[in-house]
Amino acid sequence: MKFTYAFALVLFIQISFGQKNTPELKGIDNNIELLMERYRAVGAAVAIVKDDKVVYSKGFGYRDLQNQQPVTSNTIFPIGSTTKAFTGTLLGILESKGQVSLKDKPNLYIPQFQFYNEKMDNLITIDDLLSHRSGIGNQGTSEVFFPKKDKLEVVQRLKYLKPEAEIKNSFEYSNMGYTLAGTIVEQITNKSWDSVIKENLFEPLEMVDSYTTLQEMQESNNYAMPYGLYKGNIEKVKFEEFNSISPAGAIKSTVNDLSNWMLTWLNNGVFNEKQVIPQNYIREATRLQNINEDSYEKDAFLFGEGYGWRLRSAYGYYRVDHGGNTFGFSSSLVMFPFEKIGIVVLTNQDNSELPYMIIDNITRKLFKLDSYPIEYPVVVKDIFRPDMDEKGLNNDKLPTHDLNAFCGTYEAKGYGKIKVISEEDALFVILPTFKFKLEHLNYNSFFFKATDQFKEVFNPQFTIQFLNNIQGEVSQLKMYSQKEPVEFHKKT
C-alpha cells in the first residue's frame with residue numbers, strides 16, 4: 001500500500017523517567033523530531049538507561065500510519081540482528097550450568113553433523129559461531145531462496161556449503177552461524193529456541209511484550225507496521241519470515257523491555273537482585289573475540305566482535321552495540337558499560353541510518369559534546385520494486401539453444417531444486433517460494449526478473465548462466481548470488 005506523506009510529525013507524549021535528573025537531555029525531543037522529519041520516518045521509540053535506572057522512554061510518530069495509531073514506549077518492533085546477543089546469552093547460561101562449553105565443537109551436540117571439509121570439522125568451535133570467525137559466512141542463497149523452518153534440517157546443509165572466508169581467522173558475518181548456535185541450544189535442552197528464550201530471558205527480565213514469532217506479536221494490540229521509502233514515497237511492506245534463521249534475527253520487542261535487557265548487562269547480569277546472565281559470560285561476550293580488520297575510523301581504533309555484540313572505542317569511550325535490520329524496520333542498541341549508559345532506538349523504516357543518527361545525538365548530549373542534528377546525513381536505501389518493462393532476447397548475442405533446451409529441473413546439494421519452464425515464449429524459474437522471469441542478458445546468461453507478485457524488499461535480480469556438457473547439451477546452471485557462484489546440475 002502506498003501513502004503520500006505531507007510530513008507533520010506528531011510527538012505523542014509518553015511517560016519520561018527522571019528527566020529532571022538528566023538536564024543534559026534538554027532538547028532531545030526536538031532533535032529526534034527534526035531527524036525523523038528529515039528521514040521521512042513513520043515512527044520511532046527511544047529509551048535511555050543510566051546509573052541503574054531508566055531516565056528516558058518515549059514513542060514518536062505512528063506505529064500504523066494509515067490508521068494514525070501512535071508509537072508508545074510499549075510498541076513492539078521487530079529488532080532483527082539485535083537478537084543475536086540473546087542467542088549467545090542462552091549458550092552462556094547453559095555453559096554456567098555445565099551443559100556445554102563454548103570451546104566445544106558443534107558435532108558434539110548435533111547428530112551426524114559435518115561441515116564442508118575436515119579442517120572445519122576439526123577447528124570450528126561454538127565461540128567461533130558467536131564471534132563470526134568460523135568462516136561459514138551468511139550462506140544467503142540457501143537461507144533466502146530455499147527456506148525451511150526446521151533448524152536441524154537446515155544446518156545439516158553445511159556439509160555441502162563452501163565456507164565464505166578463512167576458517168578461524170576472518171570476520172565474516174554469519175546468520176547461518178547463529179542458526180547453528182540456536183540449533184545447539186535446542187539439542188541440549190530438548191526444547192525450542194523460542195521457549196528457551198522465554199524461560200531464561202524474557203520471563204526473568206520481565207520482558208512482558210517480547211516475542212519470537214510474528215503470530216504472537218500480531219496477537220498484541222500495540223505493534224508497529226513495516227514501512228520503507230521508494231522514490232520519496234512511504235510504502236507499507238511485508239513482515240519478514242525468519243524460518244530457520246530465527247536465532248539470528250526473529251525477536252520482536254519494545255524499548256521498555258529492552259531497557260531491562262540493557263540494565264542487566266550494565267549490572268553484571270543481575271536483574272531485580274537475581275543473577276540472570278552469568279557474570280563471566282557478560283565479561284567474555286563484551287571482550288574482543290574477533291577483530292574486524294575491514295573497518296577503521298579515526299575514533300574507532302578498537303573495532304571488533306564479542307559474542308553477539310560489536311565492540312569499539314567511540315567518543316573516547318568503550319562502546320558495546322549491535323544494530324538490526326529486517327523488512328520495514330531498523331534498530332540499534334548501544335551501551336557504554338563503564339559509564340553505565342544504554343540507549344536503544346527502534347524505527348519502522350526499512351534500511352535506515354536513522355537509529356544511528358538519533359543515538360549519536362543522544363550520546364553527544366550525555367557526554368556533553370557538540371551536537372548538530374540538522375547536519376546529519378540522510379541515508380535511507382530505497383526498497384526494491386520490480387521493473388515491469390518487458391524486454392526480449394538480445395538479438396546481437398542470442399542463446400546457443402532453443403529456449404526449450406534450457407527447461408528442466410536443476411539441483412544443488414545444500415540448497416535445493418530449481419525448475420526452469422517456458423511460458424509464452426519466455427523462460428521462468430520456479431523456486432520453493434518464488435517465481436521469476438528469466439530476462440536475457442547475452443548468449444546463455446539471464447537474470448532473475450521479479451514479477452508483480454514479488455513483495456520482498458530486497459533486490460533478487462541475480463545473474464544465472466547455463467552451461468553445456470561435452471555433447472553440447474545444456475546440463476548445468478550457475479547462480480551468481482554470493483561470493484562464489486552456486487552450481488546446479490540438471491536432473492531432468
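One residue stands out among those in the stretch 427-453 that are out of contact with any strand residue (DSSP E or B) (no Cβ under 7 Å at 6 or more places or on another chain) and in contact (Cβ under 8 Å) with a residue 60 or more places away in the chain: the one that is nearest to Phe242 (Cα to Cα), which is Thr433.
State whether the residues of the stretch 83-96 include one that is in a loop (DSSP other than H, G, I, E, B) and surrounded by fewer than 18 Cβ atoms within 10 Å (Cβ to Cβ). Taking every residue of the stretch 83-96 in turn, none turns out to be in a loop (DSSP other than H, G, I, E, B) and surrounded by fewer than 18 Cβ atoms within 10 Å (Cβ to Cβ).
Against the condition out of contact with any helix residue (DSSP H, G or I) (no Cβ under 6 Å at 6 or more places or on another chain), farther than 30 Å from Glu284 by Cα and hydroxyl-bearing (Ser, Thr, Tyr), how does Tyr376 come out, does it pass? So Tyr376 fails the test. In this structure, Tyr315 does not satisfy being open to solvent by 10 Å² or more (accessible area, probe 1.4 Å), among the hydroxyl-bearing types (Ser, Thr, Tyr) and at pLDDT 95 or above. Residues of the stretch 108-132 that are assigned to a helix (DSSP H, G or I) and surrounded by 15 or more Cβ atoms within 10 Å (Cβ to Cβ): Met120, Asp121, Leu123, Ile126, Asp127, Asp128, Leu129, Leu130. In the set (1) open to solvent by less than 60 Å² (accessible area, probe 1.4 Å); (2) under 30 Å from Ala224 (Cα atoms); (3) at pLDDT 95 or above, the condition left unmet by Pro386 is number (3). Of all residues in the stretch 133-149, those being assigned to a loop (DSSP other than H, G, I, E, B) and buried (at least 24 other Cβ atoms within 10 Å of the Cβ) number 5.
Could you tell me whether the stretch 61-79 includes any residue that is closer than 19 Å to Gly177 by Cβ and either of a type in the set (Gly, Ala, Ser) or crowded, with 20+ Cβ neighbours inside 10 Å (or both)? Full working, then the answer.
So the first thing to find is which residues in the stretch 61-79 are closer than 19 Å to Gly177 by Cβ, and the list is 79.
Filter again for either of a type in the set (Gly, Ala, Ser) or crowded, with 20+ Cβ neighbours inside 10 Å (or both), leaving 79.
Yes, the stretch 61-79 contains a residue that is closer than 19 Å to Gly177 by Cβ and either of a type in the set (Gly, Ala, Ser) or crowded, with 20+ Cβ neighbours inside 10 Å (or both).
Can you tell me which residue among Gly416, Gly392, Gly408 is within 27 Å of the chain's Cα centre (by Cα) and either modelled with pLDDT under 95 or on the phi > 0 side of the Ramachandran plot (or both)? I'd like the intermediate steps shown before the answer.
On the way: Gly392 fails: within 27 Å of the chain's Cα centre (by Cα); Gly408 fails: within 27 Å of the chain's Cα centre (by Cα).
Testing whether each residue is within 27 Å of the chain's Cα centre (by Cα) and either modelled with pLDDT under 95 or on the phi > 0 side of the Ramachandran plot (or both) leaves just Gly416.
The set of residues in the stretch 271-296 that are closer than 20 Å to Met207 by Cα and open to solvent by less than 40 Å² (accessible area, probe 1.4 Å) comprises Phe271, Val276, Ile277, Pro278, Ile282. Of the residues making up the stretch 417-434, those that are closer than 12 Å to Asn404 by Cβ and either out of contact with any Cys (no Cβ under 7 Å at 6 or more places or on another chain) or open to solvent by 20 Å² or more (accessible area, probe 1.4 Å) (or both) are Ile421, Ser422, Glu423, Asp425, Ala426, Leu427.
The set of residues from the stretch 442-453 being more than 30 Å from Phe327 (Cβ to Cβ) and either open to solvent by 70 Å² or more (accessible area, probe 1.4 Å) or among the small types (Gly, Ala, Ser) (or both) comprises just one member, Tyr443.
Among what's in the stretch 454-492 and is in contact with a strand residue (DSSP E or B) (Cβ under 7 Å, 6 or more places away or on another chain) and assigned to a loop (DSSP other than H, G, I, E, B), pick the residue that is farthest from Phe327 (Cα to Cα). Spell out the reasoning first.
Within the stretch 454-492, the first condition is being in contact with a strand residue (DSSP E or B) (Cβ under 7 Å, 6 or more places away or on another chain), and the residues that meet it are 457, 460-469, 474-480, 485-492.
Now narrow it down to the ones that are assigned to a loop (DSSP other than H, G, I, E, B): 457, 460-462, 469, 485, 491-492.
Details: Val457: 7, Pro460: 14, Gln461: 18, Phe462: 19, Asn469: 41, Pro485: 26, Lys491: 35, Thr492: 36 Å.
Taking the candidates together, the pick is Asn469.
Scanning the stretch 327-359 for residues that are closer than 22 Å to Asn175 by Cα, open to solvent by 10 Å² or more (accessible area, probe 1.4 Å) and not in a loop (DSSP other than H, G, I, E, B) yields a single hit, Tyr356.
Phe488 fulfils the conditions (1) open to solvent by 20 Å² or more (accessible area, probe 1.4 Å); (2) over 24 Å from Asn395 (Cβ atoms) except for a single criterion, (1).
Do the conditions hold for Met388, that is, is it among the aliphatic types (A, V, I, L, M) and more than 25 Å from Ser142 (Cα to Cα)? Judged against the criteria, Met388 is a match.
Mind telling me which of the residues Asn67, Asn74 ends up being free of Cβ contacts under 8 Å to residues at least 40 places away in the same chain and either more than 22 Å from Asn272 (Cβ to Cβ) or touching a Ser or Thr at 6+ places or on another chain (Cβ under 8 Å) (or both)? Give the derivation first.
Working: Asn74 fails: free of Cβ contacts under 8 Å to residues at least 40 places away in the same chain.
Exactly one residue qualifies, and that residue is Asn67.
Remark: pairs (first residue in the stretch 83-105, among the small types (Gly, Ala, Ser); second residue assigned to a loop (DSSP other than H, G, I, E, B); Cβ separation under 7 Å; 6+ apart in sequence or on different chains) = Ala85/Gly308; Ala85/Trp309; Gly88/Tyr307; Gly88/Gly308; Gly92/Ile277; Gly92/Pro278; Ser96/Pro278.
For the stretch 117-134, the count of residues that are touching a strand residue (DSSP E or B) at 6+ places or on another chain (Cβ under 7 Å), under 25 Å from Arg287 (Cα atoms) and either free of Cβ contacts under 8 Å to residues at least 12 places away in the same chain or basic (Lys, Arg) (or both) is at least one.
Is it fair to say Asn260 is open to solvent by 20 Å² or more (accessible area, probe 1.4 Å), part of a helix (DSSP H, G or I) and touching a residue at least 12 places away in the same chain (Cβ under 8 Å)? It is true that Asn260 is open to solvent by 20 Å² or more (accessible area, probe 1.4 Å), part of a helix (DSSP H, G or I) and touching a residue at least 12 places away in the same chain (Cβ under 8 Å).
The values are calculated or read from the model by the stated rules, or taken from the named source; none is laboratory data. Note that the structure is predicted; figures quoted are calculated from it, not measured. Note that each Cβ is placed from the backbone with ideal geometry, even for glycine, and that neighbours are counted across all protein chains shown. Calculation scope for accessible area: heavy atoms of the full protein, side chains included, ligands and nucleic acids excluded. Shrake-Rupley method; radii C 1.70, N 1.55, O 1.52, S 1.80 Å.
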